[in-house]
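What follows draws every value from the coordinates through simple rules; no lab data is involved. Keep in mind that this is a model prediction, so the values were computed, not measured. Quick reminder, even Gly has a Cβ in these numbers, built from the backbone with ideal geometry, and neighbours come from all protein chains shown.
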Amino acid sequence: NAGVTQTPKFQVLKTGQSMTLQCAQDMNHNSMYWYRQDPGMGLRLIYYSASEGTTDKGEVPNGYNVSRLNKREFSLRLESAAPSQTSVYFCASSSGEQPQHFGDGTRLSIL
Amino acid sequence: SQKIEQNSEALNIQEGKTATLTCNYTNYSPAYLQWYRQDPGRGPVFLLLIRENEKEKRKERLKVTFDTTLKQSLFHITASQPADSATYLCALRFSGGYNKLIFGAGTRLAVHP
């Protein structure tokens with residue numbers, strides 16, 4: 001019973017490189033979310049997907065794009081990485097208004 | 001703007017005592033408030049949810065109160081144990097929005113034997 005799985009767990013990029021963070025959930029949840037967590041700050045919502053086929057911006061969407069590939073998978077893409085995007089990224093899923101279930105994060109460093 | 005405040009200083013207590021963590025918010029009409037636990041290197045894990053029309057919620061050694069007049073929630077862990085050491089996050093779901101949560105920065109709790 002994996003829950004929410006994020007890959008990779010760690011990544012180092014150079015400024016300007018691109019990459020995609022992957023997230024998959026096996027709980028048949030309709031809604032999925034991407035957050036970033038920085039020291040001294042709360043989790044901040046980047047994008048969310050209320051259901052398959054829909055995506056919406058959250059609090060800090062600039063510099064990111066998302067794809068809801070199917071009900072299970074929700075990916076986050078950095079087209080041209082910047083040092084300000086160094087952070088820990090968390091994916092979460094939920095069923096409607098139920099509490100969110102989180103993955104264990106991707107630790108991303110951009111040099 | 002919407003803001004949630006949690007004590008940024010770590011809370012250090014002795015085993016067996018009650019830990020009390022505070023979550024204050026401004027400019028919200030919250031539908032409900034949630035508390036999550038986060039261990040180092042792990043994602044948050046849901047603990048309790050309390051709705052705006054509820055004053056108190058309990059689950060085993062955990063208790064949450066919600067005062068919408070004071071705009072404050074208190075999270076209590078009774079008979080604390082070293083295994084309770086973690087960072088605790090509060091999150092608000094505000095009325096009228098989709099299931100989007102606004103998170104506080106969290107308070108780190110250290111329970112000493």
- Rounded to the nearest Å, what's the spacing between the alpha carbon centres of the range A:1-70 and the range B:1-78? Just the number, please. 25
- Classify the range A:34-98 as rounded, prolate or oblate from the Cα gyration tensor: take a ≥ b ≥ c as the square roots of its eigenvalues, call it rounded if a/c is under 1.5, otherwise prolate when a/b beats b/c and oblate if not. oblate
- Query: What Rg and what Dmax come out for chain A when only alpha-carbon atoms are used, in angstroms?
  - Reply: 13.0, 38
- Message: Test of understanding: ordering B:H76, B:H112, A:H101 by Cβ neighbours within 10 Å, fewest first, what list do you get?
- Response: B:H112, B:H76, A:H101
- Sorted by chain and number, the residues with a modelled amide H under 5 Å from that of A:L13, at a separation of 5 or more or across chains, are A:S109, A:I110, A:L111
- Message: Restricting to Cα pairs below 8 Å that are 6+ residues apart, what does the relative contact order work out to for chain B? Please round to a whole percent.
- Response: 36
- Whether the range B:33-113 is rounded, prolate or oblate, judged on the alpha carbon gyration tensor where a/c under 1.5 counts as rounded: oblate
- Item | Simple spin-label estimate for A:Q17 and A:T5 in nanometres, 7 Å along Cα-Cβ | 2.4
- If we count other beta carbons within 10 Å of each Cβ, what is the order of A:S67, B:S8, fewest first? B:S8, A:S67
